1. Mean residue ellipticity at 222 nm from the helices of the chain, using -39,500 (n - 2.57) per DSSP H segment of n ≥ 4 over the full residue count, to the nearest 500 deg cm²/dmol?
2. So for 103, 153, 344, 85, fewest C-beta neighbours within 10 Å to most, what's the order?
3. Among 299, 216, 102, which one shows the highest mean-square fluctuation when the chain is modelled as a Gaussian network with alpha-carbon springs under 10 Å?
4. Taking Cα atoms, how many degrees apart are the long axis of helix 283-294 and the longest axis of the chain, rounded to 10 and kept between 0 and 90?
5. Quick one: if the Förster radius is 41 Å, what FRET efficiency do residue 170 and residue 295 give, using the C-beta to C-beta distance and rounding to 0.05?
6. Return the FRET efficiency for the residue pair residue 334, residue 124: r is the Cβ-Cβ distance, R0 is 56 Å, and the value is rounded to the nearest 0.05.
7. Count the DSSP beta bridges whose two residues both fall in the chain, then state the antiparallel fraction as a percent rounded to the nearest 5.
8. Once you order the gyration tensor axes a ≥ b ≥ c over the Cα atoms, which shape class does segment 20-138 get: rounded for a/c under 1.5, otherwise prolate or oblate by comparing a/b with b/c?
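Computed from the coordinates by the stated procedures, all read-outs in this text should not be read as laboratory data. In this text, all values refer to a predicted model and were calculated from it rather than measured experimentally. With ideal geometry, Cβ positions are generated from the backbone for all residues, glycine too; neighbour counts draw on all protein chains shown.
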């Protein structure tokens, strides 16, 4: 193959400055750690509307490097442009977006405006400033309530189950259209339920809005934050009636982003990768795993289904392993549960959190 047609990979050195949007958020903060520990300089943009500004300080403590965060809104084009004028970015990883499925059902316009306007602004600036590498935080929600399991990157989209999922479908379409007329390299990473926390226990999932994801709800319950834990939906067409998801440890997901930046790719073509382990666990199976680590069962309450939740989603991640050389290091459900609990205990012991 003639490599002259490929955009050069980003070299791992401190002259390779990466913009991470949503760097104070859950996945963004963990990805910054991976990037810095592998020789990149990182700048963050996060308005902290659903994250904690203190998180970036913890990232700096873990990495031993000062990370700058611009606390601005990505929907403010002129403010974001100033960040580009002050920095020379070799690549962008775009995490920042509203992501609550239930909230998106209740407030669809909020999600369409924020998630798509911020993406449009970044794509304009990518072209204007000649940034050659763009990685987009997509989601397994783009597949909708598919029955084609495990899904591959070629699986056809079904109707999105929520406005949040629809913004990811539209976002992918926008990027693929732009890629056809661009010299930049675009990669879409479709996440399958990130979970767990950094092994230091200094950072983890800590949103400011109401928690809806299963792992932080269970860990919060185990730590005494909530009086009960609800299982939403027990009549799904799955092996035990509860939703099935392909959970992936956040540090393994962070690694996928680093590899997306450093592996060569063809300009004018969008590369797409599923990010998951290829296996799924039901809600009840996750609850059982927590009980085993805690040495006591967790009592649950059965509740009706939540609007927007798909019955089951698990992926085939062979392409990610084959083309990017991704090898997960935290795939054990025990590791996932232990790191999540370690983070929750430290969070609960910290005043003001």
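1. Values: 11 runs with 132 residues, N = 353.
Computed mean residue ellipticity for the chain: -11500 deg cm²/dmol.
2. In increasing order of surrounding Cβ atoms, one gets 85, 153, 103, 344.
3. For the chain, modelled as a Gaussian network with Cα springs under 10 Å, the answer is 299.
4. 80
5. Working: r = 46 Å, r/R0 = 1.12.
After rounding to 0.05, the efficiency reads 0.35.
6. Working: r = 45 Å, r/R0 = 0.80.
In this case the efficiency is close to 0.80.
7. Working: 3 of 41 bridges.
The antiparallel proportion sits near 5 percent.
8. On the way: a/c = 1.88, a/b = 1.22, b/c = 1.54.
Oblate, because a/c is 1.5 or more while a/b does not exceed b/c.
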